[in-house]
Amino acid sequence: FADAAQAAGELRAVLDELGVAGWPKTSGGRGVHVYLRIQPRWTFVQVRRATIALGRELERRRPELVTTSWWKEERGSPVFVDYNQMSRDHTIACAYSLRANARATVSTPVTWDELPDVDPADFDLATVPARLAAQGDPHAGVDDEPWDITPLLDWADRDAVAGQGDLPYPPDHPKMPGEPKRVQPSRDRDRADRTR
């Protein structure tokens, strides 16, 4: 979680440069989710391209910390920016939802300032109601300023010109135009650099 929080801090720096607010929360497990409220102007594919471009920018800036490699065998130890959270009909652990574990941990909105020091295990069914009553909802303003993702689409175009196109969709998603093969690199018989 500490690594994910550090990666989210790097994301915050990128978002600050772009002039957009990000809204962090714990996942209820080991991850961090960051919401970006966007204007409802783009197609699913455009928003996905923007999400991938944002992840790739983080990876360029901090390759030792962040990866966008879908295949676990290619990731190593960096934090995976899961661009497939932006998938059609995909559900996530929404804010204040309970996780199915013995403690009923809660996916909890936090402020950027507290994110580096929180322990996701501190947020559960017993503790979050009091936190919310005492501090209010850190995501109360999430809908105030929907954002124009055009800068991210420009980055996606830049990446495409550099040969970085789409990335694999989840296994249950229909095959999409321009999507690379959905096969682990070590199992790809056509891959020239495959080792045996």
Full-extension gain in nm, Asp117 to Lys72, via 0.36 nm per residue minus C-alpha separation: 13.4 nm
Nitroxide proxy distance, nm - points 7 Å out along Cα→Cβ at Ala162 and Arg103: 3.9 nm
Computed over the chain: relative contact order in percent, which uses C-alpha pairs under 8 Å that are six or more apart: 25 percent
Extension gain, Glu64 back to Asp148 (0.36 nm per residue minus Cα-Cα distance, nm): 27.3 nm
Cα lying deepest toward the dipole's positive end in the stretch 47-160, options Ala95, Thr105, Thr68, charges on Cβ: Thr68
Check: the chain dipole with +1 on Lys, Arg Cβ and -1 on Asp, Glu Cβ, in debye: 960 debye
Mean shadow area of the chain, taken as a quarter of the surface of its Cα convex hull (nm²): 12.8 nm²
Sites matching trypsin sites (Lys or Arg not before Pro) across the stretch 69-156 that sit in DSSP coil, with at most 13 neighbouring C-beta atoms within 10 Å: Arg88
1.4 Å probe accessible area per residue over the chain, in Å²: 57 Å²
Angle between the chain longest axis and helix 2-18 axis [Cα atoms, degrees, rounded to 10]: 80 degrees
Added length on full extension, which subtracts the Cα-Cα distance from 0.36 nm per residue, Ala126 to Asp89: 10.2 nm
Estimated [θ] at 222 nm from DSSP helical runs (n ≥ 4, -39500 (n - 2.57)) normalised by residues in the chain, nearest 500: -9500 deg cm²/dmol
Accessible area of the stretch 22-157 belonging to carbon and sulfur atoms, whole % at 1.4 Å probe: 53 percent
Most mobile listed residue (Pro146, Pro171, Pro24) in the chain, GNM with C-alpha springs under 10 Å: Pro171
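The values are calculated or read from the model by the stated rules, or taken from the named source; none is laboratory data. Computed from a predicted structure; not experimentally measured. Note that each Cβ is placed from the backbone with ideal geometry, even for glycine, and that neighbours are counted across all protein chains shown. With ligands, DNA and RNA removed, areas are computed over all heavy atoms of the protein, side chains included. Shrake-Rupley method; radii C 1.70, N 1.55, O 1.52, S 1.80 Å.
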